[in-house]
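The values are calculated or read from the model by the stated rules, or taken from the named source; none is laboratory data. Please read all numbers here as calculations on a predicted model, not as lab measurements. Cβ atoms come from the backbone with ideal geometry, glycine included; neighbour counts cover every protein chain shown. Quick note on the areas: whole protein, heavy atoms, side chains included, nothing else; ligands and nucleic acids left out. Shrake-Rupley method; radii C 1.70, N 1.55, O 1.52, S 1.80 Å.
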Amino acid sequence: MKEIEDLVSSFDEMVTGEGSIRPHWRMLTQTVWGISPQKLAEKQMRAATQIAGADELIALHEPGATAATRALDLLPLILPEPEWQNLKCGLAQRARLLNAILADLYGPQDLLKEGLIPPRLVFENPAFLRPLCYVEPVGGAPQLYFYAADLIRLPDGEWRVFSDRTQAEAGVGYALHNRNMLARVFPEAFRSTEVRRLEPFVELWQHSIRAIGAALSPQPRIALLTPGPYNDAYFEHVLLARELGITLVQSADLTIRGDRVFLKTLQGLVAIDVIYRRIDGDYCDSLELREESELGVPGLIGVARRGQVAILNMPGAALIGTPGLAGFLPPLCRRLLGEELRLPAVTTWWCGQEHALREVLAAFDKFAFQPVFDLDPVLIEPSLLSAQERAAFQKRLLADPGNFVAREKMAPSQAPCLSVDLERTKTILAPQPIVLRVPCLWDGGDWSPLPGGVARVVSGQSIYASALRPGGVTKDVWVLAGDEHQAAMIANAAPTTASTEWEETVLRSRTADDLYWLGRYVERLDAGMRQFKAVFRRLVGGGMSPRDRAELGRLAQALAQTGWIPRTLVSAAPDGSMFGDGLADAATDGTTLRNCVDSIRRLTVAVRDQLSFDLWHTLHRITGRSFARFGTSRRGADVLIEAVDRTVNDIAAFAGLASENMIRGAGWRFLDLGRRLERGIDVAGMTRGVMTGPATQFEAGLHLVLELGDASSAYLLRYRFEPHLSRALELVIADRTNPRSLIFQLRRIEQLLQTQEMISAELPALPTLQQAIVAIGAFAFEISQPERAEETILSLLALLDTTTDLLAALSEGITRRFFSHVASTRLSGIMHRRSQKRNA
């Protein structure tokens, strides 16, 4: 847009018309100029790295798709206190007005009868959800609980609303993340300037949402309904669920029974009182709204109609966000509130009115046009069209003027963005056009704006984009204030007395399933990496001894048996290029190894709200940096063994963090159960795999048993001489003090199955498990008798086969008992990708 890019006509946020720095920017600019360009460049790099690392794991993307790059500019947008007060009052009034209009349009519709709103803007709007008519919000909540406004500052310095965001808009999570990131990488900026904190707004939100739920329960249960990890805003959903102390759920976690909405948990169904939705309203209920939706809960609108659940915002709230209504708001404000509109929109005309159409045609090139009900439009600018295209569009406009909205083209204000020219050792503050998003929420009596927000750097048509999430550059927003406001805001957000015990004791069934399989896949990857490590260790040496060749043959058989490599490599020469290239190709797309890593990544995202940052970051390393080096084919064995070592070390770090940092609740128990069960299968299968051939050749697998069981050092510390087969097998299979032995896994599984949520399951394989523990324990005694060693080892190998089958049956029993009624993250990802990406 020519006008948008015209910097001369734009308001400069930092510099006055006389070329001096505005007073509220002076302290920050002094701080910036006091830091060397090299250090500023380091800060920029740190911010970019941390944001990229967070975004890479927090949401999933279509196969082959590249995630949009999100960047944080180190310079915030600064708003002085008097200016903020005007914005605050204007936003609160606008939210009251929009809520009053919604209440009327979904109720008596007096505004339509009085001719204050054209019927076409309501009844032809796909966001008008007829099943929501006369559905009253629960607990005194408004129709529009959460509201966000995109604002631009005009060249005269006045703020105007560019668009009203009333669906389920992003904003608070990004503002919190930007503030935390900026404080981490650029703490000097905060030392010289008094900035209002964002945390009191979150505390106000906690109090407000629980007060609404108190109408249904003295201890309200609140859920954030997300489309899931394939949605681009999933990052914010996870962050807000944690900040607000509410449960993050997907549609598969919820069900309707009678007149209530219930959460599926291991302990049974738990009633939900409040749903803060982050899916589009028409996707909330496939029974009464969008039939093909898989993101909502069938029957949800019926429960809301009976007043048994509060939905925030009400699903029909997007109706009021159409830009076609902007020109009608000033008279509506006088009619409904008895006040003049304090914060109007940019000049916007609905072309369905004759006088509006005349105004637009008279200044055709000064407007940008869009379809009236399209919130993410492709703009039509007559000034940029050829004569033929211009005539064709004018014909379309005149044929159906009510289908178009015209906005006067404006040049947004310019805010400084930081860049560093290291070649010339120069710090540059370059002005860029910005749009400011400010979220507001209902606090029980009025709407309170977040004292800050997110400023988005725009260019061209990106000014009309509704979303914060598809990438681009954003800025933190600072509101300058003193201590008195912080104290007042905290006082308003008085702590609730409602108990949150249920959040700690109730685990979603889907989450239990995801944690269980996360544990299994991590252990499965660990087993595979240890086998690859054993292979590469033998390949990087100088000459290859006969024992190396024999052991490589057994390792290749074991890797092929578990699917890590194709069976064609078993017959390949260990020192040949076919064998080496085949090992490197084991991590390419479509292989068992790649699928295992992708499963860990999907499950990590699905249970993000259950993991500490350290756990999440460690899993990110496992599926990202560590695996990336192994995943590049045709690398030398020395490089590959380094990558494998890193992955094994990261998995060990994950196990340690899970053991030390996770509360011993049901989630931890299912994670540990998955790990122990998979490790037990691996130990039994690995031992059976390398102990092949006749009994006279068992000794050839001796070193492999200890190496793959991570028991070589323990064996030497205990026996201090050349390994003996019977003692090695005892250490790996039957030693109760070895945390990687088979019997240790079986005993741990038995303990986990005796916990409260498991004992009632009455798993049929449990008695057989106890018998296997006794049998393996007896092996420790029998193998110590030399005259029976060969017979005992043969019996043991048969027992290992039986144990593997037992653990597989046990896994099937656990799945049937606890997870069969929930949609699995492992299986349902493809089904939901497109619909999840559509929703906010």
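Details
So that you can scan it fast, the table gives a plain yes or no per residue for (1) modelled with pLDDT of 95 or more; (2) under 21 Å from G90 (Cβ atoms); (3) assigned to a strand (DSSP E or B):
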residue	(1), (2), (3)
V270	no, no, yes
D285	yes, no, no
L325	yes, yes, no
P331	yes, yes, no
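- The set of residues from segment 217-259 being acidic (D, E) and more than 16 Å from A606 (Cα to Cα) comprises E243, D259.
- One residue from R625, R629, R602, R635 being at pLDDT 85 or above and either open to solvent by 40 Å² or more (accessible area, probe 1.4 Å) or among the polar types (S, T, N, Q) (or both): R602
- Residue within segment 305-323 that is assigned to a loop (DSSP other than H, G, I, E, B), at pLDDT 95 or above, farther than 24 Å from A512 by Cβ and open to solvent by 30 Å² or more (accessible area, probe 1.4 Å) present: yes
- Meets criteria (farther than 25 Å from T802 by Cβ, at pLDDT below 70 and either touching a helix residue (DSSP H, G or I) at 6+ places or on another chain (Cβ under 9 Å) or surrounded by fewer than 21 Cβ atoms within 10 Å (Cβ to Cβ) (or both)) for P723: yes
- I301 being without any contact (Cβ under 8 Å) to a residue 60 or more places away in the chain, β-branched (V, I, T) and open to solvent by less than 10 Å² (accessible area, probe 1.4 Å): no
- Scanning segment 460-479 for residues that are open to solvent by 20 Å² or more (accessible area, probe 1.4 Å) and either modelled with pLDDT of 95 or more or part of a helix (DSSP H, G or I) (or both) returns Q461, S462.
- For R664, the conditions (1) at pLDDT 80 or above; (2) basic (K, R); (3) crowded, with 18+ Cβ neighbours inside 10 Å all hold with the exception of (3).
- Count of segment 1-35 residues which are at pLDDT below 90 and not basic (K, R): 12
- For segment 563-590, filtering for residues that are under 37 Å from the mean Cα position of the chain (by Cα) and within 20 Å of D645 (Cα to Cα) leaves 10.
- When segment 231-261 is filtered for residues that are of a type outside the set (A, V, I, L, M) and under 17 Å from W205 (Cβ atoms), the ones remaining, listed by number, are E236, H237, R242, E243, G245, T247.
- Considering only residues in segment 340-354 that are in a loop (DSSP other than H, G, I, E, B) and more than 15 Å from N403 (Cβ to Cβ), the one that is most open to solvent (accessible area, probe 1.4 Å) turns out to be R342.
- The listed residues are R260, R196, R221, and the only one of them that is of a type in the set (K, R) and within 30 Å of L74 (Cα to Cα) turns out to be R196.
- Set side by side, the residues A655, A684, A700, A643 differ, and just one is part of a helix (DSSP H, G or I), more than 15 Å from Y521 (Cβ to Cβ), small (G, A, S) and at pLDDT 85 or above, which is A684.
- Check on L357, in the same structural domain as W442 (by TED's automatic domain parsing) and either open to solvent by less than 10 Å² (accessible area, probe 1.4 Å) or over 30 Å from S217 (Cα atoms) (or both): no
- Index of the failed condition, G115 passing every other in (1) open to solvent by 20 Å² or more (accessible area, probe 1.4 Å); (2) in a helix (DSSP H, G or I): (2)
- Being at pLDDT below 90, over 16 Å from E169 (Cα atoms), open to solvent by 20 Å² or more (accessible area, probe 1.4 Å) and of a type in the set (A, V, I, L, M) holds for only one residue in V457, V420, and it is V420.
- Candidate set: segment 266-278, residues that are within 19 Å of A211 (Cα to Cα) and crowded, with 23+ Cβ neighbours inside 10 Å; chosen: the one farthest from the chain's Cα centre (by Cα): D273
- Annotation: R826 fulfils all but one of (1) under 30 Å from V238 (Cβ atoms); (2) at pLDDT 85 or above; the unmet one is (2).
- Within segment 703-719, considering residues that are under 17 Å from G528 (Cβ atoms) and either at pLDDT 85 or above or outside any helix (DSSP H, G or I) (or both), the one farthest from the chain's Cα centre (by Cα): E707
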